[in-house]
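Chemist: Questions regarding the structure given below will be posed in turn.
The values are calculated or read from the model by the stated rules, or taken from the named source; none is laboratory data. On a predicted model such as this, the values are computed, not experimentally measured, just so you know. Please note: Cβ atoms are built from the backbone with ideal geometry, for glycine as well, and neighbour counts cover all protein chains shown. Keep in mind that these areas ignore ligands, DNA and RNA; they rest on the heavy atoms of the full protein, side chains included. Shrake-Rupley method; radii C 1.70, N 1.55, O 1.52, S 1.80 Å.
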Amino acid sequence: MTQKYAQIIISISVKSLERIFTYGVPEVLRPNLRIGSVVEIPFGAGNRIIRGYILGFCEEIDFDPEKVKYIIKEYEEVGIESELLDLAVFMKNRYVSTMQAALGALLPSRPNVRKKEEKWVRSLIDQDQLMDMIRTLKGKKTYEPRVRALEVLLVKPHVSLKEIMEEADVTRGIITTMVKHRILELEENIRIRMPYDLEAYETSINLSPNKEQDKALTSIINSIQEKENKVYLLHGITGSGKTEVYMQAIEQVLAMGQSAIVMIPEIALTPLMVKRFVERFGEVVGVMHSRLSEGERFDQWRLAKEGRLKIMIGPRSAIFAPFEKIGLIILDEEHETSYKSEMPPKYHAREVAIYRARYHMCPVILGSATPLVESYYKAITEKYTLVELEQKAEALSPLRVETVDMRKELEEGNTSILSCDLYKAIKSTLEKKEQIILFLNRRGHSNFVSCRLCGYVLKCNHCDVAYNYHKYNHRLQCHYCNESIPMVQICPSCGSKHVKAFGIGTQKVEAYIKEIFPKAKALRMDYDTTTGKDGHKRVLDAFEAKEADILIGTQMVAKGHHFKNVTLVGVMAADMSLYVNDFRASEKTFQLVTQVTGRSGRGDKAGRAIIQTYTPDHYSIVSAKNQDYKHFYSNEIQYRKLMGYAPFKEMMSVLIISTDEKYLIQLCHRIKERLSSYEDNKAVEILGPSPATLSKIRNNFRWVIYIKADSYKALTALANHLYNINEQEDHKHISHMQIDLNPMMSY
Ligand code: ADP
Ligand code: ZN
Ligand code: ZN
């Protein structure tokens, strides 16, 4: 094919200019250019010079050839793989973002960070010889620098040149002399900046799979060999050996000369996963996350591209690892909301994974003990392939989970935050010198009103989500449809006066625990106590080292950790996350409570978990107590169907922000009106506008419109339309709009 004309997409932050433009390709450039080339082009009336990305070529144009503009030059060093370029276009369309944002998400931060050509030195003589030499030379003035260098080598026989020169305070000349004397050698190869220390790890070998693992592996490995583009939902309780399945499947991928991506929900879980993988696979394991230095990140990117790394582990952004041939993509804990990006493009890593897997013709594994309702629905309707692990891989000590009805406590006169049972359990656990986790099920700004006596929660009739309580006007307001009613004083269900807004914080729990167990040492883990780079690790390490008896925390304490001495988990008020203004509230409660109760009894002592609740009969609580996913699913799916939420409807949130509240409210209503008159309006349902959960941040007012539709396409069409409407608005009060398709959080 001749490359007479090129179709180019430009990188610009104005959404409406993101069409595809056709440019002429000068003869000299024709042999070089390919899909993914980055080129310089003249743009617009003023022929401003900007960057463009080649999406394709054609031989003819449908406009006046006189008007054709030509590509000026190619940026040879920054071409992008055509697969990733195609992925960027997919993300731009699917999440209705700009090309710039899409490319920003999938390229390493600064593609121009240089390779670090660091020299290393290695000792050529052993420790005894080093000691001998130090003894002989010590005290002789001219040899002082050399002795200092030898002393460094004694501790670090393999060290960077920079480090030994700094630590021993010696010149390059001293090192050169030592090289001449064959005491050490200089390594000329480029040092790879690996974010972990390979030598600190042991090695591990495959465990022989149990029956369930074997069944899962047979099917997955077959898909890898046959290049079947299947999505597996690996539903396995915690400790059922999912990670072992991942590793043995990846072994097959590597044997075929391909690469694998393993995603985990958050950075804090990286070290544990990296350790397990490095112990099994060694130095082909790469790590990608936002806390790496730019240099480290670039090296990981480059090594993946060059094929020197074969497995990439990391949170969400690891999905963009530039592997040439991918054989398997894994999302561990697939239900976690962190897989959805909160920055434009607001992509979901699962969708991007499935898109990439289609290109590479390879399977995807979604692993979880508590899969998203949407995923499980797809699994049982056979869009995904369901594989289940129902047994623990190792014999663990038994776990007893109980619920305590806090309404009864109140009736019996106990108004404190601890039930009698939990109090007694803490006391006896402390006496046995075992550890306790107290979990406060608080998410974001949970704020709802309920009756303490009967557990009744005030909810919107239309949306079946809890009302938010607004202090300033004493009203209850629905976050989705904005309906509001005056705050109630008397419970509509039982007539009691114990109707109150719910809210307790970790600090309050900590203070209370200190008061009634003055001898116990309590550690608090929340956003305040975990600031800084190693914030989480500091608190967790201290607890692991038994520096405290009780760990009090929010969802941060629920995941991943393995404290062998914890034999009691107390859930302070399970209901706190049950009625946040979000249709996923029940699901998140079930996930969190299941996860946190599983923290108890992981060593050789039996575990106990106590769930304090005002609604012990709610299916989220009952299923978490019985560790019964299927019971939860069968209830939740009915609610979703009845109320028209995912997986039965697609949803979009439109957040609009302005410094002028009055203008903002008018704008929102105007936008809603124009949306309602939009051609396809029958296919969609528009809710709101209503104030966002965080209705004011730093003098910016925030309102939100929710839109539901049967088809995703209807929503993206509407989103594009919305951007057009918004651009036509006269923005004298500076407003800003953010669109999120199938949001995982409530705005
Ligand atoms: P999950 O990822 O499902 O939570 P893991 O893969 O972490 O489970 O496995 C839990 C524990 O069981 C680990 O200590 C692991 O080494 C062990 N394990 C997994 N598979 C086997 C097996 N086939 N035989 C013996 N132990 C196993
Ligand atoms: Zn009541
Ligand atoms: Zn409502």
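Chemist: Quick one: pull the percent of accessible area on the stretch 532-608 belonging to carbon and sulfur, 1.4 Å probe, ligands and nucleic acids left out.
Modeler: That share works out to 48 percent.
Chemist: Read phi for every residue in the stretch 382-390 and hand back ³J(HN,Hα) as whole Hz from Karplus 6.51 cos²θ - 1.76 cosθ + 1.60, θ = phi - 60°, with x for Gly and Pro.
Modeler: Along the stretch 382-390, the couplings run 6, 7, 10, 9, 8, 10, 10, 10, 9 Hz.
Chemist: So what are the ³J(HN,Hα) numbers for the stretch 120-126, from phi and the Karplus equation (6.51, -1.76, 1.60; θ = phi - 60°), rounded to whole Hz, Gly and Pro as x?
Modeler: 10, 10, 10, 5, 9, 10, 7
Chemist: Which entries in the list LYS230/LYS605; LYS471/LYS497; LYS605/LYS625; LYS383/LYS713; LYS408/LYS649; LYS424/LYS625 go over 30 Å, if you measure between the two C-alpha atoms of each?
Modeler: Over 30 Å Cα-Cα: LYS230/LYS605; LYS408/LYS649.
Chemist: Another question, then. At 1.4 Å probe size, with the rest of the protein present, what percent of the exposed accessible area of the stretch 319-361 is carbon and sulfur atoms?
Modeler: 54 percent
Chemist: Ok, one more. Over the chain, average the accessible area per residue using a 1.4 Å probe and give it in Å², no decimals.
Modeler: The answer is 46 Å² per residue.
Chemist: First check a/c for the stretch 400-542, with a ≥ b ≥ c the square roots of the eigenvalues of its C-alpha gyration tensor; if it is under 1.5, answer rounded, and if not, answer prolate when a/b is larger than b/c or oblate otherwise.
Modeler: Verdict is oblate for the stretch 400-542.
Chemist: Next question. Do any trypsin sites (Lys or Arg not before Pro) in the stretch 324-412 lie in a DSSP loop with no more than 10 other beta carbon atoms within 10 Å, and if so, which?
Modeler: none
Chemist: To the nearest 10 square angstrom, what accessible area does ARG280 show with a 1.4 Å probe?
Modeler: Number for this one is 40 Å².
Chemist: If we sort 140-148, 362-370, 221-229 on the protection proxy, mean other Cβ atoms within 10 Å, highest first, what's the order?
Modeler: Ranking the peptides 140-148, 362-370, 221-229 by packing returns 362-370, 221-229, 140-148.
Chemist: Out of the DSSP beta bridges found with both residues in the chain, what percent are antiparallel (nearest 5)?
Modeler: 55 percent
Chemist: Cross-link candidates for LYS521: which aspartates and glutamates have Cα within less than 19 Å, leaving aside residues fewer than 8 places away along the same chain?
Modeler: Leaving aside aspartates and glutamates fewer than 8 places away in the same chain, those within reach of LYS521 are GLU431, GLU434, GLU510, ASP541, GLU544, GLU547, ASP549.
Chemist: Can you compute the equivalent ellipsoid semi-axes for the stretch 653-747, i.e. the square root of 5 times each eigenvalue of the Cα gyration tensor, sorted largest first and rounded to whole Å?
Modeler: Computed over the stretch 653-747, the values are 21, 15, 11 Å.
Chemist: Report the per residue volume, in Å³, of the convex hull enclosing the C-alpha atoms of the chain.
Modeler: Spelled out: Cα convex hull of the chain, divided by residues, is 222 Å³.
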